[in-house]
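The structure appears right after this line, and notes come after that.
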Amino acid sequence: MKNILLATTLLLISAFANAKNLAIDPDNLFPKVKLETSKGDIIVELDRIKAPVTVDNFLTYVVQGDFDNTIFHRVIEDFIVQGGGYDKDFTHLKTLPDIVNEAGNGLKNEEGTIAMAKENRPHTANRQFFFNLADNTNLDPGRQWGYAVFGNVVEGMEVVQAMGSSATEYNEMMGWDDVPVEPIMLIKATLLPAE
């Protein structure tokens, strides 16, 4: 009886893991994600060839709905727009385990790319991401670990630029600079069907 129960449990775990893996469309090398924001829609194309771990991580948050109703909490004009980690009340949202830093993959932090935010330590990225508003070569790897680029904006760059020119202020509650005065919401993130 124990063996049957164990086998059934393992089968269910395996089926769940496979369903989860299928949900992120593992055979699509360049998946696209639609980001519906309060400023308009953005479509990003991700590069699973050069950043497989990062893309799978990002898509897991997407298909689980974990990016829905989050904010872009950090905006620095002509630099970056960062989001994915907080809701409108600045509640820090749950994270999956940190991922390996894929910054050495050949993709550069150029205008219009999407990259992973991290702490000072190299392998600390989890759910926060940012759009590059300029060619930010200082974020590329060199003598220091860089920030892993994993795709680029293919539609809606004007939306990203509008976000980047939003008025910002110091947020006393969080102790942060560069917080948009008017919240910029990521209303919904959707993995688009393969073309």
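From the list 75, 53, exactly one residue is open to solvent by 30 Å² or more (accessible area, probe 1.4 Å) and at pLDDT 95 or above. Which is it? Step through it out loud before you land on a result.
Details: 75 fails: open to solvent by 30 Å² or more (accessible area, probe 1.4 Å).
After ruling out the rest, the residue left standing is 53.
I'd like the full set of residues that are part of a strand (DSSP E or B) and within 30 Å of residue 48 (Cα to Cα), limited to region 170-192. Walk me through how you get there before you give the answer.
Residues of region 170-192 part of a strand (DSSP E or B): 170-171, 176-180, 185-191.
185, 186, 187, 188, 189, 190, 191 - these are the residues of region 170-192 that are part of a strand (DSSP E or B) and within 30 Å of residue 48 (Cα to Cα).
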query = In this structure, is residue 109 part of a loop (DSSP other than H, G, I, E, B) and either under 23 Å from residue 192 (Cα atoms) or open to solvent by 40 Å² or more (accessible area, probe 1.4 Å) (or both)?
reply = no
Residue pairs within 8 Å by beta carbon, gap of at least six or interchain, first lying in region 16-34 and among the acidic types (Asp, Glu) and open to solvent by less than 60 Å² (accessible area, probe 1.4 Å), second assigned to a helix (DSSP H, G or I) and modelled with pLDDT of 95 or more, listed first then second, are 25/59
> Can you find even one residue in region 83-106 that is polar (S, T, N, Q) and either under 19 Å from residue 180 (Cα atoms) or part of a helix (DSSP H, G or I) (or both)?
Replying inline: yes
Apart from one, (1) farther than 23 Å from residue 25 by Cα; (2) at pLDDT 95 or above all hold for residue 125; the odd one out is (1)
Flagged in region 142-167 as free of Cβ contacts under 8 Å to residues at least 60 places away in the same chain and among the hydroxyl-bearing types (Ser, Thr, Tyr), in numbering order, are 147
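The values are calculated or read from the model by the stated rules, or taken from the named source; none is laboratory data. Owing to the predicted nature of the structure, the values given are computational and were not obtained by experimental measurement. Positions of Cβ are generated from backbone atoms using ideal geometry, with glycine treated the same way; all protein chains shown enter the neighbour counts. To get the accessible areas, we keep the full protein, side chains included, count just its heavy atoms, and leave off ligands, DNA and RNA. Shrake-Rupley method; radii C 1.70, N 1.55, O 1.52, S 1.80 Å.
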